[in-house]
Amino acid sequence: MMGADVSALGGEGSGVTPRICLEIFARKASVEAEGHSRWSVELGYVEVYNERVSDLLAKRRKGAKAADEECVEVREHPSRGVFLEGQRLVEVASLDDVVRLMEVGNGVRHTAATKMNDRSSRSHAIVMLVLHEERTMTTKAGETIKTAGKSSRMNLVDLAGSERVAQSQVEGQQFKEATHINLSLTTLGRVIDALADMAEKKGKSQWTLPPYRDSKLTFILKDSLGGNSKTFMLATVSPSALNYDETLSTLRYASRAREIVTVAQVNEDPRARRIRELEEQMASMRENLSAADPAYVSELEEKLALLEAEAQKRAADLQALEKEREHNQLQERLLRATEAERSELESRAAALQQEMSATRRQADEMQAQNLRLKEEQARKERELMEEMAAKAAAFSVVRRRKDAEIASGREKLEATVAQLVKGQREREAALDALQTHQRRLQSALAGSERTAAERDELQRQLAELQAERTRLTQAVAAQEKMNRDLQRVQEECEETERQRDAALCALAEMEARYHESVFHLTTLLDLATEWEDELHERAVAERDAAAAAEVDEATAAAERSQTAMNRLRESLEA
C-alpha cells in the first residue's frame, strides 16, 4: 500500500492504517473463535532516509538523542525473500498498541518545514504488519498437536513527495534530502516501467531484471511490487493549476503502475497443506457416511481410519520437524550469540593489543627520551666544564696580569712616594734656609750702612731668593698634586682588587649553579628511570590481567554455551 501522509497514517478521521488494523483484529478474533488456529500480529516501523534504513521502533541507548538513527540492513533470502536484518518487530493486540507504537516512531522520524509544506516528510516511511498462523489438530487419543500455518506480511508505505527545489527553496541538508528522495522515486519509476513492460510483453521484455537494488526503497518493496503480493496505490494530486505538471506526472506514474500484473499465492507450508487436504477429505467422508450403504460405509470407515492415521502421522512428523526446526533455530541463535561474544572478545583483545602496543610505543619513546636527556646532560656537562675551564684559565691570566700590574704599580708608587718625600724634605729644608738667609739680608739692609753696590747685590740676592722660594712653592704644589694622583692610583688599585674579589665570588656562584644543575639533571634522570620501570611493570601487569580476563570470559562463554546446550537436550528429551 503506497500513499500520502493523511491517507496512510490518518488525519482528523480514520485513515487507511487504522481501518486496516481494525479489520485485521476483527478477522483475527473471528477466526480464533473457531478454535482451530491462533494468529499473532507483529508491527514494524522503518524509514528510508538518505539511502539509510532506520528502525523507528528500535530501543534507543541511554543518553541517545531523538535524531540518532538505529540503522538496519536489507537482506534477501531464497525462501524468506527480502527482510530487514536486526529489525525490531513488536507484537500488538489492539489498535491502541498500533497507534502508540506509531506515535513513538513518528517522534524520531525526519521532518522539516519548507516553502511548500510546514511539516514535510524528509524520508519514506514503511509500516510493516506481519501475521503468523499456528494451527492445531486433535488425535484419537485426545492429544492436541501443533501444525504449521500460514504467514503474511503487509507493507503500508508513506512515500515522501517529489520536490522541485526551485519551488521548495531548500538548501544545505534539506537539499541533500530532496536529492535522495527524488532519486529513490526515480528508481521506483524505473522499476514500475520495467514491470509494466514485462507484463505487456509477457516476460519477453528488454529488461532482464528490474533495478530493485538501485535504491533501498525499491529493494525493500521488491516482493510488494513484482512478487507474491497484491498491491494498491493511492496517488495524491492537486486541484491547483499551478501544480499542473506535477499532477500530470503523478497520473502518468499511477497509470503506468496499473499495467503491472502480480499473482498472490498463499504462503503455506507444503506439509501443512497436505494435512489440511487430509482433514478436508475426512470431513467429506464423514458427510458421505450418512447416505451410503453399510458395505460402502465400512469401506469408507477403513479409508477414513487410514486417512486419520496418515494425518496423525504427518502431524506428528510435522510436530517433530517443528521441534527440530526450533532446535536448529535455537542452536543457530546460540551459535550467533557465541559468535557475537567471540567477536566481541576478539575485538576487545584487539583493542587491548592496540593499547598494549601504544603503551609499549610510549615506553619506547620514554626510553628514547631518557637516552636523549642523558646525552643532552652529558653534552651540557662537557660544554659547561669547557666553559668553566676557559673562564678559569682566562681569569687566571687576567689575575696574574693584574697582580703583576698591581705589584709593579705599588713598587713604583712606593719609590715615587719615597722620592717625593725626600724631595719635599729637601725643598722644605732649602726653603727654611732661604727664609733664614732672607731674614739675615733684610736685617743687614736695615741695620748697617752699605754702599749702593752692596745694596743692589743684596737686592739681587733677595730677588733670587724670592724666585727660588716661588719655585719651591710651585714644586710643593706639584708634589701635592702628585700625591693626589698617587692617592687616586691607589684607589684604582683597591677598586681592581675589589673587582677581582667580585669575579672570584661570581666564579664560585657559577660553580655552585653548575653543581645544582648537575644535581637536578641527575634527579630528573632518576625519576625518568623510575617512571619507565613503573610504566613497564604496569604494562606487563595489564597485559597479564587482560589475558587472564580474556581466558576467564572465554571459559565462562564456553560454560554458558554448554549449559544452554544441556538445557536444550533436556528439553528435547522431555
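Points worth noting:
- Filtered residue count, region 76-108, keeping only those that are part of a loop (DSSP other than H, G, I, E, B) and either within 21 Å of Ser151 (Cα to Cα) or not assigned by the TED database to the domain that holds Ile126 (or both): 9
- Only a single criterion out of (1) modelled with pLDDT of 85 or more; (2) within 44 Å of the chain's Cα centre (by Cα); (3) surrounded by fewer than 15 Cβ atoms within 10 Å (Cβ to Cβ) is not satisfied by Leu217, namely (3).
- So Asp197, is it of a type in the set (D, E, K, R), modelled with pLDDT under 80 and assigned to a helix (DSSP H, G or I): yes
- The set of residues from region 374-389 being at pLDDT 80 or above and surrounded by fewer than 11 Cβ atoms within 10 Å (Cβ to Cβ) comprises Glu375, Arg379, Glu383, Glu386.
- In region 77-101, of all residues being within 25 Å of Phe219 (Cβ to Cβ) and at pLDDT 90 or above, the one that is surrounded by the most Cβ atoms within 10 Å (Cβ to Cβ) corresponds to Leu101.
- Cβ-Cβ under 6 Å pairs, at least 6 apart or on other chains, region 506-534 side assigned by the TED database to the domain that holds Gln377, far side surrounded by 11 or more Cβ atoms within 10 Å (Cβ to Cβ) and at pLDDT 75 or above: none
- Region 125-160, subset more than 30 Å from Gly15 (Cα to Cα) and basic (Lys, Arg), residue modelled with the lowest pLDDT: Lys140
- Across region 14-38, the number of residues qualifying as within 23 Å of Leu156 (Cβ to Cβ), outside any helix (DSSP H, G or I) and in contact (Cβ under 8 Å) with a residue 24 or more places away in the chain comes to 0.
- Failed item, numbered, when Ala478 is tested on (1) under 57 Å from the mean Cα position of the chain (by Cα); (2) at pLDDT 75 or above: (1)
- Residue that is surrounded by 12 or more Cβ atoms within 10 Å (Cβ to Cβ), within 18 Å of Leu384 (Cα to Cα) and at pLDDT below 70, where the choices are Leu507, Leu521: Leu521
- Residue match in region 113-124 (condition: modelled with pLDDT under 85 and part of a strand (DSSP E or B)): yes
- Taken as a whole, the structure leaves Glu497 outside the set of residues that are acidic (Asp, Glu) and loosely packed, with under 12 Cβ neighbours inside 10 Å.
- Subset of region 363-386 (residues that are of a type in the set (Asp, Glu) and over 22 Å from Glu537 (Cα atoms)): Glu375, Glu376, Glu381, Glu383, Glu386
- The selection criterion, being of a type in the set (Gly, Ala, Ser), modelled with pLDDT under 90, buried (at least 18 other Cβ atoms within 10 Å of the Cβ) and assigned to a loop (DSSP other than H, G, I, E, B), does not hold for Ala67.
- Condition met for Gln479 (in a helix (DSSP H, G or I) and under 30 Å from Val421 (Cα atoms)): yes
The values are calculated or read from the model by the stated rules, or taken from the named source; none is laboratory data. Because the structure is a prediction, the values reported are computed rather than measured. Ideal geometry is used to build each Cβ from the backbone, glycine not excepted, and the neighbour counts take in all protein chains shown.
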